[in-house]
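Trainee: Just dropping this structure here.
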Amino acid sequence: MMILLKLADLSCQHCVKSVTNALNAVNGVQQAKVSLHYAKVEGEATAETLIHAVEAAGYQAEVATTPSHTLSLSGLNCQHCVKSVRTALENLDDVVYAEVEKTSAKVYGDATLETLIQAVEQAGFSAK
C-alpha cells in the first residue's frame, strides 16, 4: 500500500530528515521518500498513524489530493513508454511520486516545471 502526504512547516533538509526518520520509525512502514512538501510512504501503516508521526515530529501533514504539477505528455505509445517517463520523473531527487498515463502525468514533489519537462524530454518524449 502507498500513501501520499502533503507536508507543511518543513524548511530545510534537516526537516526532511526529521520527517523521514519519524515515518520510518512507524510500525508497518517499509519505505518513506520525503521532500519539503510531500512524502510517499509504502507499507501497511494507516494514513492517520503517519500523520500523527509527522505531527509528533513538529510538522503538519494531510493526505495529498492535489499534485504539485500536471504535465501534458505526447509521444507515449505503450506501457513501456509510461514506465520510462515515470522512472525519469521519480529518479529526480525532488519528486516523491509520479502518476503517469499516456497523455498526462501528475507529479508530487518540489521539482520545478522546467526540471520535470527536461526529464521527460531526456527520456525521449514531449511534455508541457
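What follows draws every value from the coordinates through simple rules; no lab data is involved. Computed from a predicted structure; not experimentally measured. Don't worry about glycine lacking a Cβ; one is built from the backbone with ideal geometry, like all the others, and counts go over all protein chains shown.
Trainee: Which one, A45, A105, A56, has the greatest fluctuation when you compute a Gaussian network model over the chain with C-alpha springs under 10 angstrom?
Mentor: Looking only at A45, A105, A56, the biggest GNM fluctuation is shown by A56.
Trainee: Can I ask one more? With a ≥ b ≥ c the root eigenvalues of the C-alpha gyration tensor of segment 88-128, is it rounded (a/c under 1.5), prolate (a/b larger than b/c) or oblate?
Mentor: On the way: a/c = 1.65, a/b = 1.22, b/c = 1.35.
Because a/c hits 1.5 or more and a/b fails to exceed b/c, segment 88-128 counts as oblate.
Trainee: Oh, and also: Compute the relative contact order of the chain as a whole-number percentage, counting only Cα pairs closer than 8 Å that sit 6 or more residues apart in sequence.
Mentor: Numbers: 242 pairs, mean separation 30.7, N = 128.
Relative contact order for the chain comes out at 24 percent.
Trainee: Per residue of the chain, what 222 nm ellipticity follows from adding -39500 (n - 2.57) for every DSSP H run with n ≥ 4, rounded to the nearest 500?
Mentor: On the way: 4 runs with 44 residues, N = 128.
Helix contribution divided over all residues of the chain: -10500 deg cm²/dmol.
Trainee: Farthest toward the dipole's positive end in the chain, which of A61, S72, N21, given Cβ charges of +1 (Lys, Arg) and -1 (Asp, Glu) about the Cα centre?
Mentor: S72
Trainee: To continue, here is another question. About the Cα centre of the chain, what is the dipole size in debye to 20, counting +1 per Lys and Arg Cβ and -1 per Asp and Glu Cβ, all else neutral?
Mentor: Working: 9 positive and 14 negative charges, 62 e Å.
Taking the Cα centre of the chain as origin, the dipole is about 300 debye.
Trainee: Which one, S35, Q118, A47, projects farthest toward the positive side of the charge dipole computed for the chain from Cβ point charges (K/R +1, D/E -1)?
Mentor: Of the candidates, Q118 comes out farthest on the positive side.
Trainee: A further question on this structure: Which entries of K6/K33; K33/K128; K17/K128; K106/K128; K6/K102 have Cα-Cα distances beyond 23 Å here? Don't jump to the answer; show the numbers that get you there.
Mentor: On the way: K6/K33 12 Å; K33/K128 26 Å; K17/K128 32 Å; K106/K128 12 Å; K6/K102 25 Å.
Exceeds cut-off: K33/K128; K17/K128; K6/K102.
Trainee: How many angstrom lie between the Cα centre of segment 55-76 and the Cα centre of segment 22-38?
Mentor: Each part reduced to its Cα centre gives a spacing of 15 Å.
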